[in-house]
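Shown next, in structure tokens, is the structure this report addresses.
Every read-out reported here was derived from the displayed coordinates using simple, explicitly stated rules and does not represent laboratory data. None of the values given here were measured: they were computed from a predicted structure. Here Cβ is always computed from backbone atoms with ideal geometry, including for glycine, and neighbour counts include all displayed protein chains.
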Amino acid sequence: MAAWVELTASDGHKFKAWQASPQGKAKGAIVVIQEIFGVNHHIRDVTERFAKEGYLAIAPALFDRYQRDFDVNYGPEDMQKAMQVVPKIDIAKGMLDTEAARAAVASAGKVGIVGYCFGGVVAWLGASRLKFDAASCYYGGRIAALKDEKPKCPVIMHFGSKDAHIPMTMVDEIRKAQPNVPIYVYDADHGFSCDERASFDKAAHDLAWTRTMKLFRENVG
């Protein structure tokens, strides 16, 4: 069962989130953080996948602050629309919205966070600045610029060796700054875990999903 809900951040901003409930009692909760394409069909689907694994899952619409109901696909025109929003992003405000999402599902127990691309960066900051119990960060380009943050929970990261947006030199910087964070590199491109993108790589996705689920089972429930 999944539906839109409305949340309110601590600064009074009201925004939407896609929430999916498991069958039976939840093991815990997962906050799913979007790419720059909004809480689109793919992100809603991912949220529902976590619900099928037994978690109360929620995907906050972090772009509602800039354009309500922003939802695009992965074509060239969609990318252009997304890139018009990116310069407007205030990451501090994004953390307020992420915290509101965490609080909204905290009654289910421990809470993990997972994010993709832009969301991978938010997941990293969630691990260091908010009260999450585990974080899985997928190909977050700006993590390198924030590599000295101090995570308060177990974190894993996933990158693609063919990702032109995130060269291996950046991944090595993160690895050096965070020796206790497992960093997995896959023979894949940016966005390899999204089955609606041309860069989808099933083998890399499956392995990253297995590792993410192991992290959440051990630290969330």
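For the reader, a short list of remarks on this structure follows.
- When residues in the stretch 159-188 are screened for being over 21 Å from residue 199 (Cβ atoms) and of a type outside the set (A, V, I, L, M, F, W, C), 8 of them pass.
- Scanning the stretch 51-80 for residues that are within 12 Å of the chain's Cα centre (by Cα) and either closer than 19 Å to residue 140 by Cβ or in a loop (DSSP other than H, G, I, E, B) (or both) yields 59, 60, 61, 62.
- Among the conditions (1) out of contact with any Leu (no Cβ under 7 Å at 6 or more places or on another chain); (2) in contact (Cβ under 8 Å) with a residue 40 or more places away in the chain, residue 12 misses just one, which is (2).
- Candidates 123, 104: the one that is within 27 Å of residue 188 (Cβ to Cβ) and assigned to a helix (DSSP H, G or I) is 123.
- Number of positions in the stretch 16-30 that are over 22 Å from residue 61 (Cβ atoms) and either free of Cβ contacts under 8 Å to residues at least 60 places away in the same chain or of a type in the set (A, V, I, L, M) (or both): 3
- Against the conditions (1) crowded, with 20+ Cβ neighbours inside 10 Å; (2) over 23 Å from residue 27 (Cα atoms), residue 112 satisfies every one except (2).
- So residue 164, is it surrounded by fewer than 16 Cβ atoms within 10 Å (Cβ to Cβ), outside any helix (DSSP H, G or I) and among the aliphatic types (A, V, I, L, M): yes
- Qualifying residue in the stretch 52-71 (condition: surrounded by fewer than 16 Cβ atoms within 10 Å (Cβ to Cβ) and either under 26 Å from residue 146 (Cα atoms) or of a type in the set (S, T, N, Q) (or both)): yes
- Considering the conditions (1) in contact with a Leu (Cβ under 9 Å, 6 or more places away or on another chain); (2) free of Cβ contacts under 8 Å to residues at least 40 places away in the same chain; (3) over 20 Å from residue 36 (Cα atoms), residue 171 is excluded by exactly one of them, (1).
- Summed over the stretch 167-204, residues that are hydrophobic (A, V, I, L, M, F, W, C), within 18 Å of residue 115 (Cβ to Cβ) and outside any strand (DSSP E or B) total 9.
- Exclusive hit being buried (at least 21 other Cβ atoms within 10 Å of the Cβ), aromatic (Phe, Trp, Tyr), assigned to a strand (DSSP E or B) and touching a helix residue (DSSP H, G or I) at 6+ places or on another chain (Cβ under 7 Å), set 132, 159: 159
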